[in-house]
Amino acid sequence: MTNFRPNRRRAAVLISGSGTNLQSFIDKIQTGDLALDLCVVLSNNSGAAGLSRANNAQIPTVCISHNNYPDRQSFDAALVEALDPYLPDFIILAGFMRVLTPIFIAKFEGRILNIHPSLLPDYPGLNTHQRAIDAGEKWAGSTVHFATEELDAGPMIIQGRVPIKREDTAEQLAARVLKIEHQIYPEALSLLSMERLKYEGGAAYLDGKLLLKPIQYS
Ligand code: GRF
């Protein structure tokens, strides 16, 4: 997976935890459904299970703990420096639990994707599933969007929804949402790798047309 293929776009994947989304990319690449090179997996947490997934797929890994930096800016500068040698075309945030500063966003402007476990613009931030359950929502889901300086607010690309069942716990709902994430995130990466999806002037374009609403996955 690390062999340089000049015709393929290169993506760095940033994780903090279990990395099931990362695994979905690895699986789709291995079955030939996603033509992308995962050039590095970076984690801020040395205990992230996703690092083993990367090792198993022979993807280089880098670990940089935010605890070793006095502020967000210096941590982000270290991230940029660590990623540089891998020449990523795209930065894929897949459960990376750090808020990125304008230093990082500006360096990769329009080339950073994030997945957020809610039907944005509803429920940005943390504890999305419990908040949706507490509010009596009927539907939950996840949204892939371009990351901008504003948290969970960049142009949306694709959204997948799942029902909230009576008696759902946040954990049960999270598991249902994760399954749909494993469909929509590789789909967004595929559009990106084929250059069908682009970011320009603060907006998302699909096949040259402004994406006014996220693609609805069902
Ligand atoms: C996902 O639910 C994603 O939406 C959120 O963090 C979780 C990451 O899960 N940003 P995993 O590490 O990919 O399993």
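Kindly list the number of the only condition in (1) more than 16 Å from the ligand (Cβ to nearest atom); (2) open to solvent by 60 Å² or more (accessible area, probe 1.4 Å); (3) not in a loop (DSSP other than H, G, I, E, B) that fails for N55.
That leaves (1) as the condition not met.
I'd like the residue in the stretch 58-90 that is assigned to a loop (DSSP other than H, G, I, E, B) and acidic (D, E) and, out of all such residues, is least open to solvent (accessible area, probe 1.4 Å).
D89
Report yes if L42 is in contact (Cβ under 8 Å) with a residue 24 or more places away in the chain, within 16 Å of the ligand (Cβ to nearest atom) and within 21 Å of R9 (Cβ to Cβ), otherwise no.
Numbers: in contact (Cβ under 8 Å) with a residue 24 or more places away in the chain: yes; within 16 Å of the ligand (Cβ to nearest atom): yes; within 21 Å of R9 (Cβ to Cβ): yes.
Taking the combined requirement at face value, the residue satisfies it.
Take the residues in the stretch 138-151 that are closer than 30 Å to K107 by Cα and crowded, with 20+ Cβ neighbours inside 10 Å, then tell me which one is farthest from the ligand (Cβ to nearest atom).
Among residues in the stretch 138-151 that are closer than 30 Å to K107 by Cα and crowded, with 20+ Cβ neighbours inside 10 Å, the one farthest from the ligand (Cβ to nearest atom) is F146.
For a quick check of your reading of the model, give me the residue pairs whose first member lies in the stretch 155-181 and is in contact (Cβ under 8 Å) with a residue 12 or more places away in the chain and hydrophobic (A, V, I, L, M, F, W, C), whose second is within 11 Å of the ligand (Cβ to nearest atom) and open to solvent by 60 Å² or more (accessible area, probe 1.4 Å), with beta-carbon atoms closer than 8 Å and at least 6 apart or on different chains.
V162/K179
What residue, of L36, L93, L113, is more than 14 Å from the ligand (Cβ to nearest atom) and either open to solvent by less than 20 Å² (accessible area, probe 1.4 Å) or free of Cβ contacts under 8 Å to residues at least 24 places away in the same chain (or both)?
On the way: L93 fails: more than 14 Å from the ligand (Cβ to nearest atom); L113 fails: more than 14 Å from the ligand (Cβ to nearest atom).
Matching residue, one of L36, L93, L113: L36.
Considering only residues that are within 21 Å of C39 (Cβ to Cβ) and in a loop (DSSP other than H, G, I, E, B), which ones fall in the stretch 91-123?
Matches in the stretch 91-123: A94, G95, F96, R98, L100, F108, E109, G110, R111.
Could you figure out which of (1) open to solvent by 50 Å² or more (accessible area, probe 1.4 Å); (2) in contact (Cβ under 8 Å) with a residue 40 or more places away in the chain isn't true of A135?
(2) is the only condition that A135 fails.
Within the stretch 162-200, which residues are more than 28 Å from L210 (Cβ to Cβ), away from the ligand (no atom under 11 Å from the Cβ) and either part of a loop (DSSP other than H, G, I, E, B) or of a type in the set (G, A, S) (or both)?
The answer is I164, K165, R166, E167, D168, T169, A170.
List the pairs whose first member sits in the stretch 61-74 and is among the polar types (S, T, N, Q), whose second member is open to solvent by less than 60 Å² (accessible area, probe 1.4 Å) and part of a strand (DSSP E or B), and whose Cβ atoms are under 8 Å apart, counting only residues at least 6 apart or on separate chains?
Correct list of pairs: T61/V40; T61/V41; T61/L42; T61/S43.
Please determine whether any residue of the stretch 187-197 is more than 19 Å from the chain's Cα centre (by Cα), free of Cβ contacts under 8 Å to residues at least 12 places away in the same chain and open to solvent by 70 Å² or more (accessible area, probe 1.4 Å).
Looking for residues that are more than 19 Å from the chain's Cα centre (by Cα), free of Cβ contacts under 8 Å to residues at least 12 places away in the same chain and open to solvent by 70 Å² or more (accessible area, probe 1.4 Å), one finds none in the stretch 187-197, hence no.
So, in the stretch 1-33, exactly how many residues are surrounded by fewer than 23 Cβ atoms within 10 Å (Cβ to Cβ) and part of a loop (DSSP other than H, G, I, E, B)?
Summing the residues that are surrounded by fewer than 23 Cβ atoms within 10 Å (Cβ to Cβ) and part of a loop (DSSP other than H, G, I, E, B) in the stretch 1-33 gives 14.
The values are calculated or read from the model by the stated rules, or taken from the named source; none is laboratory data. Because the structure is a prediction, the values reported are computed rather than measured. Neighbour counts are summed over all protein chains in view; Cβ atoms, including those assigned to glycine, are modelled from backbone coordinates with ideal geometry. Heavy atoms of the whole protein, side chains included, go into the accessibility calculation; ligands, DNA and RNA do not. Shrake-Rupley method; radii C 1.70, N 1.55, O 1.52, S 1.80 Å.
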